[in-house]
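Input: a single structure, listed below in structure tokens.
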Amino acid sequence: MARFQSPFRDVRPASLRRQMLVLGVAALAGCAQTGGPGGEGGSRGGGFFGGLFAGGLPGSQWKFVEVLGKPVPDGVPAEANLLSFEKDEDGRGAFSAGVGCNRMGGRYRVRDEEVQFRIQQSTKMACSGETGIAERRMVAALSSTTSYRISRDRLELLAQGQVMATLNRR
């Protein structure tokens, strides 16, 4: 009677563990999204583990912290301070934003670390004081943004390497 011999019999447990570790590290490295705009070496996806733990723009929501170097006024309600990205197709999607009394929205396009915003609609309420100024800064920042950088739970919108807006993940 012939005896069945397993093809896995010659694999040693230590060798198998080593192979699984190498395979796991290779899989995680494949998820990394490194390389910032202009070769700065920044990270889009939150460091070595990149897109595995910190997603990109599609489906994310952010809170404005600073716009054009100035902090967002304390009096802005949390629900009004938002930059939201809808899921995209082929690097294109919809966004909505607000930092004061008006809401706006439109389309965005992402390619590598580049991003472009096209504001298509906005409410037109009169915004006065610091809130109105912050809102005008936000529109200017979104209109001039050409790239972005994500580091953990922080998003920076950039134009020619300069930070236009800093946001925290919601």
Inset, instruction - Using only C-alpha atoms and all pairs of different ones, pull out the Kirkwood radius for the range 111-168 in Å with one decimal. - result: 12.5
Legend entry - Label-point separation in nm, Ser144 to Arg109, each point 7 Å along Cα→Cβ: 2.2
Inset, instruction - Provide the three semi-axes, in whole Å and in decreasing order, of the ellipsoid equivalent to the range 37-169 as defined by the square roots of 5 times the Cα gyration tensor eigenvalues. - result: 24, 15, 14
Inset, instruction - Apply 1/(1 + (r/R0)^6) to the Cβ-Cβ distance of Asn168 and Ser96, taking R0 = 25 Å, and write down the FRET efficiency to the nearest 0.05. - result: 0.90
Inset, instruction - Give me the number: length gained by fully extending Ala78 to Ala126, i.e. 0.36 nm times residue separation minus the C-alpha to C-alpha distance, one decimal in nm. - result: 15.4 nm
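Only the coordinates and a few stated rules stand behind these numbers; no lab work does. The shown structure was predicted, so the numbers you read here are calculated from the model rather than taken from an experiment. Cβ: placed from backbone, ideal geometry, glycine included. Neighbour counts: every protein chain shown.
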